[in-house]
Amino acid sequence: MRSTPALRASVAVLALLGCGPLAAQPLQLQAPKPAAAKPVVARPLPLPPIRPAGLGLPRLAEASAAPATAPVAPSAVATAPEAARPAPTPAATPARAKAAAPATREEAIERLNAYLNSFTSLQGNFIQHAADGRRLEGRIYIQRPGKMRFEYEPPATIEVVADGTSVAVRDKRLATQDIYSLGQTPLKFLVRERMDLSREGTITGANIDGDILSLRLEDRSTLGGTSKITLKFDLAANVLRQWVVIDPQGYETSVSLYNLDTQRRPDAKNFVIDYQRKL
């Protein structure tokens, strides 16, 4: 079968779901052998710089060398007019404290759990980079529990819909609709009614790079084997920025999020699967 943009988009979506391009039987694609995965080296938490020796000594020396101010008689202060008295120096306004980075893996998990459990509705834009290097864009809608929708912009002809039980991958150009169990996709962590990442899979690592907390876990319940998932969370903005999925066959797909809105409730029609639908 000749490769088309629609076929390649379908492969990217199935990799996003952790199904792998060869698991979609109706497509019958021969995917290239993935390159060997490079080992991920966890970066240590940055430490504050060492304080230079003698810091502040010149200022102290200048202060000690300055002539002493002549004492003011108490009576002069008491009898001075109110307008002539110097105004009190206002206290310095403290800078807004930045949220402290989690010191342990358990704190990192709790920080992410707290964010994911802070909303029941979410919608926004996404950019998806597929394993073959292609870039896809679109809109994401989430309504907990269990409902999710990815709408891809043209020229992609794909849409992904979860109705709380199943996930449908539709391709209008190929006239296909493939159904998967929601529990067999790694994206189920987005639509849990109550999130606990420590129970979703095996936590394999966590590190901080600047303001970005990366949490890595493995999910052995996905279709075809074990999927590796990395969640990237912005500690300063308190928002999920990206997730990266490596499916059981080694194909990597990343999805970046922006313009997220957790206040508006998506239309319920976005999450309907017609199981009898013929495209």
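The values are calculated or read from the model by the stated rules, or taken from the named source; none is laboratory data. As the structure is a prediction and not an experimental result, all values here were calculated from the model. Cβ atoms come from the backbone with ideal geometry, glycine included; neighbour counts cover every protein chain shown.
Quick notes
- Close pairs from region 255-269: first over 13 Å from residue 139 (Cα atoms), partner of a type in the set (A, V, I, L, M), Cβ under 6 Å, at least 6 apart: 262/122
- Among the residues of region 211-225, those that are modelled with pLDDT of 90 or more and either of a type in the set (Gly, Ala, Ser) or in a loop (DSSP other than H, G, I, E, B) (or both) comprise 211, 214.
- Residue within region 88-103 that is under 19 Å from the mean Cα position of the chain (by Cα), part of a helix (DSSP H, G or I), within 30 Å of residue 195 (Cα to Cα) and modelled with pLDDT under 95 present: no
- On the stretch given as region 211-233, residues that are in contact with a helix residue (DSSP H, G or I) (Cβ under 7 Å, 6 or more places away or on another chain), within 22 Å of residue 131 (Cβ to Cβ) and crowded, with 19+ Cβ neighbours inside 10 Å total 8.
- Any hit, region 151-172, residues being modelled with pLDDT under 90, more than 24 Å from the chain's Cα centre (by Cα) and farther than 19 Å from residue 257 by Cβ: yes
- Hits in region 167-190 - residues which are closer than 20 Å to residue 274 by Cβ, among the hydrophobic types (A, V, I, L, M, F, W, C) and crowded, with 21+ Cβ neighbours inside 10 Å: 167, 169
- Test: residue in region 219-230 that is without any contact (Cβ under 8 Å) to a residue 24 or more places away in the chain, charged (D, E, K, R) and out of contact with any strand residue (DSSP E or B) (no Cβ under 6 Å at 6 or more places or on another chain): yes
- Total residues in region 148-164, condition surrounded by fewer than 21 Cβ atoms within 10 Å (Cβ to Cβ) and touching a strand residue (DSSP E or B) at 6+ places or on another chain (Cβ under 8 Å): 7
This table checks each residue for (1) out of contact with any Phe, Trp or Tyr (no Cβ under 9 Å at 6 or more places or on another chain); (2) aliphatic (A, V, I, L, M); (3) under 23 Å from residue 251 (Cα atoms).
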residue: 137; (1), (2), (3): no, no, yes
residue: 141; (1), (2), (3): no, no, no
residue: 177; (1), (2), (3): no, no, yes
residue: 185; (1), (2), (3): yes, no, yes
residue: 194; (1), (2), (3): yes, no, no
residue: 199; (1), (2), (3): yes, no, no
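- Within region 104-132, the residues that satisfy the criterion of being of a type in the set (Gly, Ala, Ser) and either surrounded by 15 or more Cβ atoms within 10 Å (Cβ to Cβ) or modelled with pLDDT under 90 (or both) are 108, 121, 124, 130, 131.
- The number of residues in region 234-249 being in contact (Cβ under 8 Å) with a residue 60 or more places away in the chain, surrounded by 12 or more Cβ atoms within 10 Å (Cβ to Cβ) and under 21 Å from the mean Cα position of the chain (by Cα) comes to 7.
Residues checked against (1) in contact with a helix residue (DSSP H, G or I) (Cβ under 7 Å, 6 or more places away or on another chain); (2) surrounded by fewer than 19 Cβ atoms within 10 Å (Cβ to Cβ); (3) more than 19 Å from residue 122 (Cβ to Cβ); (4) of a type in the set (Ser, Thr, Tyr):
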position	(1), (2), (3), (4)
196	yes, yes, no, no
209	no, yes, yes, no
260	no, yes, no, no
277	no, yes, yes, no
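- Boolean, residue 260 is part of a strand (DSSP E or B), of a type outside the set (S, T, N, Q) and touching an Asp or Glu at 6+ places or on another chain (Cβ under 8 Å): no
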